[in-house]
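Novice: Pasting in a structure now, in structure tokens, and then I'll have a few things to ask.
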Amino acid sequence: METFLIRALQVIMSLSLLVIIHEGGHFLFSRLFKVKVEKFYIFFDPWFALFKFKPKKSDTEYGIGWVPLGGYVKIAGMIDESMDTEQMKQPVQPWEFRAKPAWQRLLIMVGGVVMNFLLALFIYSMILFAWGDSYVSLQDMTHGMKFNERAQEIGFRDGDILLRADEKPLERFSMDMLRDISEARTVTVLRQGKETEVYMPEISLLEMAKEDPMFVETLVPNVVDSVIPGGGLARAGIQKGDKLLAIDDTPLNSWNDLVNTLARIQSNAQETGDKDASMQMVYSRDGVKDTVAVRTDSLFKVGAIAMPLSYKVTKRQYGFFESFPAGVRLGVNTLKGYVNDLKYVFTKEGAKSVGGFGTIGSIFPKVWDWHRFWEMTAFLSIMLAFMNILPIPALDGGHVLFLLYEIIARRKPSDKFMERAQVVGMFLLFALLIWANMNDVIRFLF
């Protein structure tokens, strides 16, 4: 329950900030061009609002709705989520959206997207200023990588140190690294002190990311750091420093192999109804091999921790002014990666992976971590900016599309057309929202 509450609070804080900034962008440009804004709401308020107030001498009512699906500003003289068609039947007033030149209306509509993107760049800059950038270089991972069966068939070998994807250097273990590998024709690795090229077939990032075991992961040596008292290895006499070599004739070349082998044993035991299992463990101590019987518990854990990896950490600190260009580069690269990966949404597997509020919550840490919170908020801000600029009716991008048509054709779409487009767009958005959250429910249940 505590984990749920921590994540829920982070989601509410993050999305509330993004909504305020996004709608604030529309509000700012509206006021700049003297357009009346009737409402500024966080969340939607059908039938009633949780809180609202209207300052004296102000045209705008501020409030908090009870449906946490975003927020809105109600701009006078505009067909939007409110579907206020009666206002559109009245004579045009000089302070209305529809009375302004097309270029001013265009800036009002892109204001939210611009503010979200600028917010992301600012957050990334402040993250670099406050925490710097710390990572372990792939070249410093001297034990190399662990590759799954498919990667081995392609030509990778356990222990390979990743160097380059085509001619692009691979710097750190991340989703960007996987993306570069999936798009490369050749990947250069360091194998036993020599550079070797691995020729890549066509493989998507989505396929690589969803494979279990993963296509590539950090190789952890199969050396015991500590055993848990009362666990299977402790009862069998395994000690710190022992090297685990095999389970039931299955060789263990890494701790990764141990984890994967236990997962396979667990899967087989679940099919047969066994609650625990006994296995023969081959280990080495001071160069001497021995075999012991190890019994797992009902969770199929043997009770041991791997020897920690003591790789050199690359760390860079940024001064205040230095952090801004670095933050811009990080934000732009994040946007490029997100746009690049969006194509997978239109595949069968991609459609299944679309998630709603549960998925958003899962990307936040289980314990409060300001660094991670701001990283996720910046990413969501970029995601919100891009999604809103898509040319879909009811989104900012739909309004921008119709305004561009007006500028080019020198004629406005009719109010009736805009009303119908708004209805279609809202239907599509609600359908997507239902689909995404249903995926979350299905993943939780099954």
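Novice: Looking at the stretch 1-73, what % of its DSSP beta bridges pair antiparallel, to the nearest 5?
Specialist: 65
Novice: Here's another thing I want to ask about it. Evaluate the Debye formula for the stretch 1-82 with equal point scatterers sitting on the alpha carbons, no solvent, and hand back log10 of I(q)/I(0) at q = 0.16, 0.23 Å⁻¹, in q order, two decimals.
Specialist: Once normalised to I(0) and log-transformed, intensities are -0.64, -1.13.
Novice: Do any of 146/194; 36/89; 240/289; 34/56; 146/168 go past 23 Å between their Cα atoms, and which?
Specialist: The pairs that break the limit, which is 23 Å between Cα atoms, do not exist here.
Novice: For the stretch 123-185, what value does the Rg/Rh ratio take when both radii are computed over Cα atoms and Rh is the Kirkwood radius, given to two decimals?
Specialist: On the Cα set of the stretch 123-185, Rg over Rh gives 1.06.
Novice: Mind grabbing the accessible area of residue 64 for me, 1.4 Å probe, Å², rounded to tens?
Specialist: That residue has around 60 Å² of solvent-accessible surface.
Novice: Accessible area per residue, 1.4 Å probe, Å², for the chain: what's the number?
Specialist: 56
Novice: Sticking with this structure for a sec: Binning at 5 angstrom from zero up to the longest distance, how are the C-alpha pair distances of the stretch 113-232 distributed in percent?
Specialist: 2, 10, 16, 19, 14, 11, 11, 9, 5, 2, 1, 0
Novice: Using a 1.4 angstrom probe on heavy atoms only, work out the carbon and sulfur share of the accessible area of the chain in %.
Specialist: That share works out to 62 percent.
Novice: Which three semi-axes in whole Å describe the equivalent ellipsoid of the stretch 377-446, each the square root of 5 times a Cα gyration tensor eigenvalue, listed largest first?
Specialist: 31, 16, 6
Novice: I need the Debye-formula profile for the chain: one equal scatterer per C-alpha, no solvent, reported as log10 I(q)/I(0) at q = 0.10 1/Å, two decimals.
Specialist: Normalising to I(0) and taking log10 leaves -0.90.
Novice: To the nearest 10 Å², what's residue 290's accessible area with a 1.4 Å probe?
Specialist: Looks like 80 Å² after rounding.
Novice: Based on the Cα gyration tensor of the stretch 5-53, what are the three equivalent ellipsoid semi-axes, each the root of five times an eigenvalue, rounded to whole Å and given largest first?
Specialist: 25, 16, 6
Novice: Let me ask something else about it. If the viscosity is 1.567 mPa s and the temperature 4 °C, what translational diffusion coefficient in µm²/s does Stokes-Einstein give for the stretch 146-303 when Rh comes from Kirkwood over Cα pairs?
Specialist: Estimated diffusion coefficient is 74 µm²/s.
Novice: Quick one: what does P(r) look like for the stretch 76-127 with 5 Å bins over all Cα pairs, in whole %?
Specialist: 4, 18, 18, 17, 14, 9, 8, 6, 3, 1
Novice: When all protein chains stay in place, what accessible area (Å², nearest 10, 1.4 Å probe) is found for residue 17?
Specialist: 50
Novice: Quick check: net charge around residue 133, other residues with Cβ under 14 Å of its Cβ, Lys/Arg +1 and Asp/Glu -1?
Specialist: In short, 0.
The values are calculated or read from the model by the stated rules, or taken from the named source; none is laboratory data. Every value quoted in this text rests on a predicted model; they were computed, and no experiment measured them. When we count neighbours, we look across all protein chains shown, and the Cβ atoms used for this are built from the backbone with ideal geometry, even at glycine. Surface accessibility is based on the protein's heavy atoms, side chains included, excluding ligands, DNA and RNA. Shrake-Rupley method; radii C 1.70, N 1.55, O 1.52, S 1.80 Å.
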